Amino acid sequence: MAPKPSLLNSTSKEVVFQILLHVVLFVFFSFDKNEPSIQEFKIVTFINYALGAFVINYILLPRFFYKKNYLLFFLSVAVIVTAIIMIEELVLEAVYYPDTRGKHFHGIVYSLLDVMPVIMILAGFKFAWDASKKQLEVEELRSSVKESELQFLKSQINPHFLFNNLNNLYSYAIEESPKTPSIILELSSVLRYMLYDCKEKYVVLPKEINHLKNFTQLNELQIEERGTVSFKTGNIQSDYRIAPLILMVFIENAFKHSTASQSKDISIEIDIHVTDSGILEFKCENSFRPVTNTDNLSKGIGLQNVKKRLLLLYPDVHELTIFDSGEVYTVHLKMQLKKDTA
């Protein structure tokens, strides 16, 4: 039921616009410094022109021109203009000026110069109105498609995350590890945020950083004594917002590839800070050993997903650099945060 008010509102605006346009055009059309009063002939003649323009604007334009049937459109316009001229010359002038103008025809050129300016102005403004309306519809469609794509990309994160962590939880449960309850609690906290707290397009920065800390602690349980994990933050301000779950993908990949390729000496360093101008600088560095299942670190579903989201949400205001030295994998992301206006 929502589109109807919008449609009525658009139609009402066009009606008001057309009325104002006709009034202004009539004033210019009927103005004569030698005869300040408005003549009845001018009123009737303008109505004749306006009716012809109405047929062109609301019948010929949508039926022929917008469907690219240009030949029929211009032929029909020619018929309408001819009819307007004939009504003016043979009827109106014969009624109002039977002894002067009504006795002879001044020629097609003279008549066209009299009729066409009014017709072209009315039809031109209608065409411009329709073009503006169509452009607005295109922009709304693009926005809708963009939002749908973002929601789809965002929905891919949860299954990807669950697939990785439920496998880890299963292995701990099989071993009856005492850490299993802690893992379940951490996983519950992370999922609560992902399912309920980050439904908006942008979330408050401290809340997202806190989620990343919980997520890091959850994954840190997998490392145990095999290495070290560092999580540093700086200048995290509550008046900035960030698209949720973007940075998490890089952290998840760091743990996944480090733990999959190394049995010891694992090193993961995460550094997040914000400059005074609102630029977030994220750096995630992890050690790894080049084995078969980590040969294509930059081609996973998660990384492809986050690159698309960055292009959609932060076009021209982010810089992503990924460097693989063969033993250390580094992700460096700079992005201009949005100021919280709430």
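On the basis of being exposed (fewer than 12 other Cβ atoms within 10 Å of the Cβ), of a type in the set (A, V, I, L, M) and closer than 21 Å to Phe31 by Cα, does Leu113 make the cut? In short, yes. For region 70-120, the set of residues classified as modelled with pLDDT of 90 or more and over 15 Å from Gly52 (Cα atoms) consists of Tyr70, Leu71, Leu72, listed by residue number.
Checked against the criterion of being within 23 Å of Leu303 (Cα to Cα) and touching a Ser or Thr at 6+ places or on another chain (Cβ under 9 Å), the candidates Asp265, Asp271 yield just one match: Asp271. Return yes or no: is Phe288 buried (at least 18 other Cβ atoms within 10 Å of the Cβ), more than 19 Å from Val190 (Cβ to Cβ) and among the aromatic types (Phe, Trp, Tyr)? So Phe288 fits the description; yes.
Residues that are touching a Phe, Trp or Tyr at 6+ places or on another chain (Cβ under 6 Å) and closer than 22 Å to Ser111 by Cβ were ranked within region 18-53; the one that is modelled with the lowest pLDDT is Phe29. Checked against (1) more than 30 Å from Thr11 (Cα to Cα); (2) at pLDDT 70 or above; (3) in contact with a helix residue (DSSP H, G or I) (Cβ under 8 Å, 6 or more places away or on another chain), Asp130 passes all but condition (1). Across region 287-307, the number of residues qualifying as of a type outside the set (D, E, K, R) and modelled with pLDDT of 80 or more comes to 3. If you check Tyr66, Tyr49 for being surrounded by fewer than 16 Cβ atoms within 10 Å (Cβ to Cβ), in the same structural domain as Asp114 (by TED's automatic domain parsing), among the aromatic types (Phe, Trp, Tyr) and under 21 Å from Ala128 (Cα atoms), only one passes: Tyr66. Can you confirm whether region 308-323 contains a residue that is surrounded by fewer than 16 Cβ atoms within 10 Å (Cβ to Cβ), among the basic types (Lys, Arg) and either at pLDDT below 80 or in a helix (DSSP H, G or I) (or both)? So far as region 308-323 goes, yes, one or more of its residues are surrounded by fewer than 16 Cβ atoms within 10 Å (Cβ to Cβ), among the basic types (Lys, Arg) and either at pLDDT below 80 or in a helix (DSSP H, G or I) (or both). Restricted to helices (runs of 4 or more DSSP H) entirely inside region 159-276, those with at least 1 residues that are crowded, with 19+ Cβ neighbours inside 10 Å, touching a residue at least 12 places away in the same chain (Cβ under 8 Å) and in contact with a strand residue (DSSP E or B) (Cβ under 7 Å, 6 or more places away or on another chain) are 205-220, 247-261.
The values are calculated or read from the model by the stated rules, or taken from the named source; none is laboratory data. Model, not experiment: these values are computed from the prediction. We place every Cβ from the backbone using ideal geometry, glycine too, and count neighbours over all the protein chains shown.
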